[in-house]
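A short reminder: the numbers here are calculations on the coordinates, not readings from a lab. As the structure is a prediction and not an experimental result, all values here were calculated from the model. Note: ideal-geometry Cβ built from the backbone for every residue, glycine included; neighbour counts use all protein chains shown.
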Ligand SMILES: [Zn+2]
Ligand SMILES: [Zn+2]
């Protein structure tokens with residue numbers, strides 16, 4: 001809470017430091033954000049004292065909306081003293097306090113809000129629900145991209161808003177996301193195969209069958225990932241949480257954190273370059289998943305880090321050792337056959 005407009009204070013999380021403003025900016029250009037409206041009837045809700053829509057009576061809360069920092073003027077309902085929201089969501093911090101002017105104890109949700117610059121055109125985010133859970137209401141693509149950007153840049157918010165149930169929805173999201181990446185990543189190869197074929201210089205029927213088969217089999221990779229790798233990872237992580245103390249929610253929540261951060265592996269959408277870049281994007285997923293798990297399970301940082309980082313670390317080390325052993329074995333065979 002500040003009394004006058006100050007510099008924007010962005011309390012970004014480590015993973016979102018650079019990407020969050022970029023992604024948010026990009027997404028707000030591409031996908032609609034609405035003015036401060038009733039979510040039922042689109043009535044404009046600026047400058048209203050009651051917390052129900054004057055048009056249709058639907059209750060709402062200021063906390064349901066997100067504003068750019070310092071863009072909204074909160075007025076004390078008793079004396080009209082102005083305050084400005086400084087958090088990343090444009091909310092007041094602390095949420096409740098004693099008014100500096102009249103001394104009344106006020107909460108953010110008691111206050112009258114309007115855009116600080118007096119225009120009614122300020123764009124806001126409605127933020128009542130987890131974006132992927134809103135896909136029927138808000139549209140599939142908008143919900144998908146908002147979930148994606150949340151997993152990439154706002155993992156803390158992801159953990160806070162994670163729905164109580166929804167492991168299936170999360171698995172569905174992860175499958176679709178990885179499939180989309182795979183389609184984009186392999187598109188140049190598809191073109192390279194398809195063009196000669198269309199020009200009549202392909203492998204004939206066999207080539208065509210091969211291409212169709214490759215296309216049909218493409219979802220298998222993402223399905224295996226979502227059906228085995230992610231549950232295993234989340235399972236071991238959750239077991240570590242169980243062994244190290246209390247946690248807030250069940251396995252489903254840990255699994256959802258794995259699913260909703262899988263989109264951070266954008267390397268898989270890069271044609272030919274996945275091999276070089278997934279070493280960067282997998283740690284990005286691990287970081288974001290850790291933050292989300294810490295938030296949703298309300299555990300200490302060390303427990304979150306231990307739970308989420310240990311399974312891939314062990315797997316990575318095991319693969320490394322396995323590869324080394326294989327190479328030693330291969331050298332021995334070579335010596336046997338070429339004395
Ligand atoms: Zn309404
Ligand atoms: Zn006051």
- Message: Can you compute the modelled spin-label distance between residue 101 and residue 160, with each label point 7 Å from Cα toward Cβ, in nm?
- Response: 2.7
- Consider all pairwise Cα distances in region 32-128 and report the whole-number % of them above 18 Å. 41
- Take every Cα pair under 8 Å in region 72-183 that's 6+ residues apart, average their separations, divide by the length, and report that relative contact order as a whole percent. 17
- Compute the distance in nm between two label points, each set 7 Å from the Cα along the Cα-to-Cβ direction, one at residue 220 and one at residue 323. 2.4
- Computed log₁₀ I(q)/I(0) - Debye formula, equal Cα scatterers, no solvent, region 137-213, q 0.15, 0.20, 0.27 Å⁻¹: -0.68, -0.90, -1.32
- Message: Suppose the chain between residue 78 and residue 249 were pulled fully straight at 0.36 nm per residue; how much longer would it get relative to their current alpha carbon spacing?
- Response: 57.5 nm
- Note on the structure: Length-normalised contact order of region 143-308, Cα under 8 Å, at least 6 apart, in percent, tallies to 38
- Message: Once you keep just the Cα pairs under 8 angstrom separated by 6 or more residues, what percentage relative contact order results for region 32-128?
- Response: 34
- Task: Could you check the simple spin-label distance between residue 213 and residue 51, using points 7 Å along Cα→Cβ, in nm with one decimal?
- Result: 6.2
- In nm, what is the difference between 0.36 nm times the number of residues separating residue 273 and residue 300 and their Cα-Cα distance? 6.1 nm
